[in-house]
1. Cβ contacts < 6 Å: first residue more than 26 Å from Pro132 (Cα to Cα) and among the polar types (S, T, N, Q), restricted to the range 64-89; second residue open to solvent by 30 Å² or more (accessible area, probe 1.4 Å) and in a helix (DSSP H, G or I), any location; separation 6+ or different chain. Result?
2. Of all residues in the range 100-116 being not hydrophobic (A, V, I, L, M, F, W, C) and not in a loop (DSSP other than H, G, I, E, B), which is nearest to Ser44 (Cα to Cα)?
3. I'd like to verify a number: residues in the range 64-78 that are in contact with a Phe, Trp or Tyr (Cβ under 8 Å, 6 or more places away or on another chain) and hydroxyl-bearing (Ser, Thr, Tyr), how many?
4. Within the range 43-62, does at least one residue satisfy the condition of being touching a residue at least 60 places away in the same chain (Cβ under 8 Å), more than 23 Å from Pro106 (Cβ to Cβ) and open to solvent by less than 50 Å² (accessible area, probe 1.4 Å)?
Amino acid sequence: MDTTPLRDAYRTLLDAAGTVADSDATTAPPAGEWNADQILAHVSLVNAATIAAVSSAASGGVTTYDNRIALDTWTIERVIALAGGNKGLRDRIRLQADALCALGGPMLSEAELDTPVPTLLLSHDSVLVDEPVPLRGLITGLAEVELPGHRRQLLALLPDGAGAESGR
């Protein structure tokens, strides 16, 4: 599996996160949305769940994917504290990106990438997915939907409102 799109999605997300962190002025997120640290903690939790699913499939184990913990406010705040804030979160995401690109690329066979993973994905208290998804679908979904959505969400925190769509 070519992980170039995933690596590119991480790069653009981290570039946006750096731009927001370096900005002298950011706007408060709309009610019910996350600030930059919360967005990054959420991404870090999604990455951890994806790494766990990929590792489980690679070990021949039964795997599932459930993003509810990545939406939990207490857990998000705990991850922010454990990572040491914004810079620590960006460093963590960079390292998780390296791990996922290595794990999701040449390490996995086509059969492993096609492994159906029982998946539960929620957003804003709505179920988006509640069915098996091939492991490769989780990885491509991260590259094509999840990371770009959070990049836009981060950029929406800038005063000019660049990329004002929600990615949560």
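The values are calculated or read from the model by the stated rules, or taken from the named source; none is laboratory data. Source: prediction; values computed, not measured. Glycine gets a Cβ as well: all are built from the backbone with ideal geometry, and neighbour counts include every protein chain shown. Heads up: the accessible areas ignore ligands, DNA and RNA and are worked out on the full protein's heavy atoms, side chains in. Shrake-Rupley method; radii C 1.70, N 1.55, O 1.52, S 1.80 Å.
1. Asn86/Ala21; Asn86/Asp37
2. Per the stated criteria, the residue is Gly104.
3. Selection size over the range 64-78: 0.
4. Yes, because at least one residue in the range 43-62 is touching a residue at least 60 places away in the same chain (Cβ under 8 Å), more than 23 Å from Pro106 (Cβ to Cβ) and open to solvent by less than 50 Å² (accessible area, probe 1.4 Å).
Residue-wise test of (1) in a helix (DSSP H, G or I); (2) at pLDDT below 95; (3) open to solvent by 70 Å² or more (accessible area, probe 1.4 Å); (4) touching a Gly at 6+ places or on another chain (Cβ under 9 Å).
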{"position": "Leu89", "(1), (2), (3), (4)": "yes, no, no, no"}
{"position": "Gln96", "(1), (2), (3), (4)": "yes, no, no, no"}
{"position": "Leu120", "(1), (2), (3), (4)": "no, no, no, no"}
{"position": "Glu131", "(1), (2), (3), (4)": "no, no, yes, no"}
{"position": "Glu144", "(1), (2), (3), (4)": "yes, no, yes, no"}
{"position": "Leu147", "(1), (2), (3), (4)": "yes, no, no, yes"}
